[in-house]
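No lab work stands behind these numbers, since they all come straight from the coordinates. Not measured: the values here are computed from a predicted model. As a convention, Cβ positions derive from the backbone with ideal geometry for all residues, glycine included, and neighbour counts pool all protein chains shown.
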Amino acid sequence: MKAPDAPPMSIPAPDTLTGERGSNDAPGAADTGLPFGPRAAMMFLTAALALNFVDRQIVNILAEPISRELKLADWQIGLMSGLAFALLYGLAGIPFARWADRGHRPRIMALAVLLWSGFTIACGLARNFPQLLLGRVGVGIGEAGLTPAANSLIVDYVRPERRASSLALYYLGVPIGTLAGMALGGLVADAYGWRAAFFLAGVPGLLLAPCLLFVLSEPRTGKERGPDLAPIGTVATVVTLWRIRTYRLVVMATALQAAVGYGFGPFLASFFVRNHGAEIGDLASSAGLGAAGFLGLTLGLSTGLGGAIGVWLGGFLADRHGRNDARAYVTVPALAAAASLPCYALIFTVDSGIFALAGLALPNILGAMWMGPVHSTHQSVSPPEMRGAATALFLLILNLIGVGLGPLLVGAASDAIAWQAGEDKGASLRFALVGASLLAPVAAYIFWQARRSIADDMVS
């Protein structure tokens, strides 16, 4: 790709409290009034995101027992874990984000945690598919309130040169929550049933929500939350953000990358049961576990640890190279996305279940490397008064395409292949997963195109 004529710039970040760009003497967390300091604040924010993903991802490891009891098809699993959740998550994110740009962000996050935790418990009470679907919709609405407020709050808490690394620390909650949700969900489901797993996942959030009010602070004054932001309407905000080339490209690329990762999520356990069932059964028996518990533990470790490494590595590489070249913030996710395709293709076609399980760690690392750089980029190219809205619009598109359509299309493709080609459900799911992985190089190409504009799109 042809580099821009002008020398590449490093990302100028806003002063943590004033919003001014390029300052190297921004105030640290001591200026934000955090009662227990910045480390405690980041720990609780990361814990909130981890619980967010426990409650979001636990359904993936429970898909097979839920499907058997409620007699669901693959497309229904995809709808429940994907579109039903993502549609309301994305739509609810817009008003939550506008509220976050004006209101008291710790209170918004505490309310969000209470909402999604209550609906997670309600999922365990579902007696049919519509009730379960309604519970997942409620989880999506509640979870929409966390990240727009958290992203903009972190930008206010930390020094400019630490933005990608700090956001990467927050997004470590994704693999941590995925690991906990899949591992504990599988073990609890084996011992007590899938309903008990939902109950256990929902309770911690009821305890965390009030803690956020004591540990976090709102650094903005009333004036900063009020009249200055009032004239900016939702439509005008969306139009303004979408006109920013780098923002637009990064959003589209990340949505496609998410369609790969989230599209696989609800079906990984089913893939191993259907294609490597005997081998998985023997491994589970030798470990003294049931199939669900064994897959939950191994897939959770692979996804969680691999994702944690990827989140940290992506943020570290972007910050390290982005000091002198802003293009690093889109180059890192571009290269990671391109490298993931052959990994996925091999894993879903190899005959050995052990090799496939162990090999998942590498694409899990690559698939998580976008998180720190991408969130840093879309915040850096957005006007300071639109940071919450920028996150919400980003999450709306990412969730509709990635989380919403990804699982639904994989499930529908699996059902269609099984029906049209007469393949068994194991083979049809294998073909559907390989097909979905072809979106990764498309995402890589779009990320690469953003290299041409990222330096010019930084807010000055």
Report summary line: Listing Thr377, Thr349, Thr391 by rising number of other beta-carbon atoms within 10 angstrom, fewest first, gives Thr349, Thr391, Thr377
**Report entry** Sorted by Cβ density within 10 Å, fewest first, the residues Met371, Met182, Met43, Met80
**Finding:** Met43, Met371, Met80, Met182
Query raised in the report: Arranged by the count of other C-beta atoms within 10 angstrom, fewest first, what order do Trp448, Trp242, Trp370 take?
Result: Trp242, Trp448, Trp370
**Report entry** FRET efficiency for Ala345 and Lys71, using Cβ-Cβ distance with R0 set to 30 Å, rounded to 0.05
**Finding:** 0.40
Query raised in the report: Whats the longest run of the chain with zero trypsin sites (Lys or Arg not before Pro) that are DSSP loop and have at most 12 other Cβ atoms within 10 Å?
Result: 324-460
Query raised in the report: Relative to the present Cα-Cα distance, how much length would full extension add between Val434 and Asp282 at 0.36 nm per residue of separation?
Result: 52.1 nm
Query raised in the report: What number, in percent, do you get for the relative contact order of segment 31-457 if the mean sequence gap of Cα pairs under 8 Å and at least 6 apart is divided by its residue count?
Result: 28 percent
Query raised in the report: Using a simple spin-label model with points 7 Å from Cα along the Cα→Cβ vector, what separation in nm is obtained for Ala427 and Phe36?
Result: 5.6 nm
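I'd like the FRET efficiency for Met43 and Tyr192, computed as 1/(1 + (r/R0)^6) with the beta carbon distance as r and R0 of 30 Å, rounded to 0.05.
My answer for the efficiency is 0.50.
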